[in-house]
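This report refers to the structure that appears directly beneath it.
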Ligand code: CDT
């Protein structure tokens, strides 16, 4: 399939005072721009409906249930699904999910071009910590507010393309791309909220953070012969700066679109998914070249075991 146009809907900051309605209106404005650009699949960021609340500590974690969605779509997000259906644009976005059983996940959903949810992913790699950490210059309490995802790394054939989702910190883990690569993925979508400075290493600034972000997604794309779209929520959110740097990467690992601002911005690229085939049939023909008999540690061990 030649020239399927993929878009990234980078979002500027969402302040604590902003309502879900405000945010959905911005997302619909980005959808409209995407339609004009001929986009057929549009990627929004992680936790796209609210401020990045894990930067704050709440002794009673239930205080933050107000940032979670109990159903999707719901009354506030329905207009986004409706407009996406009218414009025939498949979308993916992240949100905080509270299940009927009371479980909390950092989730993203994928729709088809008729606005129907066809896929759900729950973030596996939750960075940060559980308790307030006075040593950090700011908090990152994802481990307090979410439990690790329980759905693995599935892929879906959507609009003729094999698609999979990951969320923010997942982009730094090669296993994520490989699990999807082994299912023939052609498009990995990724939303993120990444602080511009390292709370444990103040001198690590924006330039190095952007480099690590690009490096991870470019490597994942090349080593699995897939497109990767990484989309930020960026700018100064409630006094905290989040980096931008949304990109679309081709199956050679080359960046083919990059955001220029830290605000609501559309990036897009015409993707030829046939271009995934070369890598998948040569250097990264997994069936011919992988040696899983030597990879046991990857699944049997998480931390380093020093044996020498
Ligand atoms: N949202 C998210 O996963 N952010 C992380 C920053 C972690 S810093 C403790 C990221 O990897 O970008």
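The values are calculated or read from the model by the stated rules, or taken from the named source; none is laboratory data. Keep in mind the model is a prediction, meaning the values are calculated, not measured. A quick note on method: Cβ atoms are made from the backbone with ideal geometry, for glycine too, and the neighbour counts reach across all protein chains shown.
Quick rundown of the values:
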read-out: Index of the failed condition, residue 204 passing every other in (1) without any contact (Cβ under 8 Å) to a residue 60 or more places away in the chain; (2) surrounded by fewer than 20 Cβ atoms within 10 Å (Cβ to Cβ); (3) in contact with a helix residue (DSSP H, G or I) (Cβ under 8 Å, 6 or more places away or on another chain); value: (3)
read-out: Flag for residue 100 being exposed (fewer than 14 other Cβ atoms within 10 Å of the Cβ), within 16 Å of the ligand (Cβ to nearest atom), modelled with pLDDT of 95 or more and farther than 24 Å from residue 31 by Cα; value: no
read-out: Positions within region 22-48 being within 16 Å of the ligand (Cβ to nearest atom) and on the phi > 0 side of the Ramachandran plot, in sequence order; value: 47
read-out: Scope region 257-276; condition in a loop (DSSP other than H, G, I, E, B) and crowded, with 16+ Cβ neighbours inside 10 Å; matching residues; value: 259, 262, 264, 273
read-out: Search result, residues across region 95-141 that are touching a residue at least 40 places away in the same chain (Cβ under 8 Å), over 29 Å from residue 241 (Cβ atoms) and over 17 Å from the mean Cα position of the chain (by Cα); value: 103, 112, 113
read-out: Meets criteria (in contact (Cβ under 8 Å) with a residue 40 or more places away in the chain, surrounded by 20 or more Cβ atoms within 10 Å (Cβ to Cβ), part of a loop (DSSP other than H, G, I, E, B) and within 16 Å of the ligand (Cβ to nearest atom)) for residue 232; value: no
read-out: Complete set of residues in region 73-97 that are surrounded by fewer than 23 Cβ atoms within 10 Å (Cβ to Cβ) and in a helix (DSSP H, G or I); value: 78, 79, 81, 82, 83, 85, 86, 87
read-out: Check on residue 17, modelled with pLDDT of 95 or more and in contact with a strand residue (DSSP E or B) (Cβ under 7 Å, 6 or more places away or on another chain); value: no
read-out: Filter result for the condition that a residue is closer than 25 Å to residue 245 by Cα, modelled with pLDDT of 95 or more, out of contact with any strand residue (DSSP E or B) (no Cβ under 8 Å at 6 or more places or on another chain) and crowded, with 22+ Cβ neighbours inside 10 Å, over 45, 54; value: 54
read-out: Matching residues in region 22-42 - criterion: being assigned to a helix (DSSP H, G or I) and surrounded by 15 or more Cβ atoms within 10 Å (Cβ to Cβ); value: 23, 24, 26, 27, 28, 30, 31, 33, 34, 35
read-out: Inter-residue pairs, beta-carbon under 7 Å, first closer than 15 Å to residue 144 by Cα and in region 63-82, second modelled with pLDDT of 95 or more and assigned to a helix (DSSP H, G or I), 6+ apart; value: 64/53; 64/145; 67/53
read-out: Of all residues making up region 7-21, the number that are within 16 Å of the ligand (Cβ to nearest atom) and either on the phi > 0 side of the Ramachandran plot or surrounded by fewer than 19 Cβ atoms within 10 Å (Cβ to Cβ) (or both); value: 0
read-out: Elements of type strands (runs of 3 or more DSSP E) contained in region 104-219, each with 2 or more residues being away from the ligand (no atom under 12 Å from the Cβ) and more than 30 Å from residue 3 (Cβ to Cβ); value: 104-111
